[in-house]
1. For residues that are part of a loop (DSSP other than H, G, I, E, B) and of a type in the set (Ser, Thr, Tyr), scanning just region 377-410, find the one that is nearest to Gly253 (Cα to Cα).
2. Taking the residues in region 6-58 that are of a type in the set (S, T, N, Q) and more than 20 Å from Lys141 (Cα to Cα) as candidates, determine which candidate is surrounded by the fewest Cβ atoms within 10 Å (Cβ to Cβ).
3. Can you tell me which residue among Thr323, Thr333, Thr374 is closer than 24 Å to Leu263 by Cβ, assigned to a helix (DSSP H, G or I) and either hydroxyl-bearing (Ser, Thr, Tyr) or in contact with a Pro (Cβ under 7 Å, 6 or more places away or on another chain) (or both)?
4. Within region 102-120, work out how many residues are closer than 17 Å to Arg83 by Cβ and open to solvent by 60 Å² or more (accessible area, probe 1.4 Å).
5. Give just the number: which of (1) open to solvent by less than 50 Å² (accessible area, probe 1.4 Å); (2) of a type in the set (S, T, N, Q); (3) farther than 14 Å from Ser279 by Cα; (4) over 19 Å from the mean Cα position of the chain (by Cα) does Ser357 not satisfy?
6. Do the conditions hold for Val82, that is, is it under 27 Å from Gly146 (Cα atoms) and open to solvent by less than 10 Å² (accessible area, probe 1.4 Å)?
7. Here are the criteria: (1) β-branched (Val, Ile, Thr); (2) part of a loop (DSSP other than H, G, I, E, B); (3) out of contact with any helix residue (DSSP H, G or I) (no Cβ under 8 Å at 6 or more places or on another chain). Tell me which single one Thr130 does not satisfy.
8. Across region 363-382, what is the total count of residues that are touching a Phe, Trp or Tyr at 6+ places or on another chain (Cβ under 8 Å) and open to solvent by 10 Å² or more (accessible area, probe 1.4 Å)?
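The values are calculated or read from the model by the stated rules, or taken from the named source; none is laboratory data. Quick caveat, the model's predicted, so the values are computed rather than measured. Note: ideal-geometry Cβ built from the backbone for every residue, glycine included; neighbour counts use all protein chains shown. The accessibility values were calculated without ligands, DNA or RNA, using every heavy atom of the protein model including side chains. Shrake-Rupley method; radii C 1.70, N 1.55, O 1.52, S 1.80 Å.
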Amino acid sequence: MAHLNRKAAQRLMHAEGMDALLILSAEGFAHATGAAPGVATMWRREGAVAVLVPADPDQPETVVISDLFAANLRRDSHIQDVRESPIWVEAMTIQAPDLDGDLSVLGDLWEAPGRPVGNRRPETFDPAITYGHLRDALAEKGLHAGRVGVELSAVAANGLDALTAALAPTTLTDGTRVARQLRAMKSPEEIALLRSAVEVAEVGIAAVRDAIKVGVARSDLAAVWSAAVARAGAGKPMTGQWEYISVGADPWGGDAIAASGDLVKVDVGCLMQGYTSDSGRTFVVGQPHRLQAEMHAALMSGFRAGFDLLHPGTPLSEVHRATQSAIRGRGLTGYSRGHFGHSLGTGPGSEEWPFISADADTRIESGMVLAFETPIYVTGVGGMIIEDQVEITEDGPVSMNRLTHDLVAC
């Protein structure tokens with residue numbers, strides 16, 4: 001299912017004076033089409049796939065995809081205007097083949113419609129073919145002399161000239177922010193996937209909590225996490241999981257063995273159809289020492305101060321300011337962190353734009369799902385994190401997490 005909101009796209013493009021948006025990233029492609037972009041995107045280079053989204057929502061989108069994945073896209077996507085680009089993989093279809101026949105049964109396939117000219121295939125993919133399809137689509141839609149926002153974050157510096165020349169006389173401008181804003185606003189279906197992912201992750205966090213004891217190794221807890229989420233995710237569209245679990249005084253170090261008084265930081269996520277959750281909790285083996293308890297109390301103060309501001313219309317920079325100020329006010333006077341959270345989605349990592357940072361000019365909007373976190377890492381003491389996955393509604397923030405934020409003694 002595609003999740004790109006055409007009405008929101010129209011509003012954002014008109015505000016930027018754009019006639020269309022050109023999406024080139026793998027995650028943007030999946031968001032706009034509801035289909036897998038295919039293997040040619042593994043190099044994260046422009047021209048492997050593309051989606052052209054006109055600002056006018058009544059004009060249909062155009063998609064360019066590799067010939068190998070075109071059939072799957074036609075099955076999975078609502079987009080009807082599908083244009084193919086050959087990649088290196090030799091593939092073809094025979095209807096009702098005679099498996100006892102000889103190679104002559106393949107003869108007619110070499111000149112079948114859609115085959116590359118001269119049966120020549122590129123080393124990987126040829127962006128010029130993709131750009132040719134886009135140039136044709138722009139002309140057909142009457143946009144060949146228009147202003148098109150390009151997801152330039154997905155274009156390498158040495159690839160921009162070729163793209164610009166290929167689409168001339170179209171005026172290209174940076175559409176990265178528009179593309180990011182569209183992905184940051186989640187559909188009900190995306191929110192459901194993220195909620196399911198965090199529910200499974202919390203089963204794993206609870207299992208880790210219950211396994212903490214003197215003598216347990218970091219690798220043992222990681223295995224407990226993986227097994228628990230595999231069981232909890234059975235029957236769900238789970239496509240992966242990840243963990244950053246640390247044990248003991250070194251937040252970054254090796255396969256530590258838990259001793260009495262050690263911190264255990266659990267920062268984890270599960271993926272549902274590629275959408276990753278992100279949650280964090282901190283535990284202590286036995287009772288916490290005073291320093292540990294006071295550090296956690298400071299982080300909790302910041303978490304409460306920032307969470308209360310996660311309302312539509314609030315600048316993300318204001319959330320950062322309030323969070324950091326509260327943490328410093330509880331004794332961590334020099335505490336500094338670049339961001340206190342981020343959006344969630346299907347990107348190559350667990351963090352996506354926008355970020356809750358001091359310089360963020362983005363305002364919170366209903367429909368966003370943010371991971372909001374207050375971590376600290378002190379070698380010699382250990383790692384700590386308080387992190388919730390938060391849905392932004394018209395009435396304010398709603399946490400998708402249920403586990404306590406307390407520093408839990410195990």
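1. Thr379
2. Thr41
3. Thr323
4. The total comes to 3.
5. Result: Ser357 passes all but (4).
6. So Val82 fails the test.
7. For Thr130, the exception is condition (2).
8. Here the count works out to 3.
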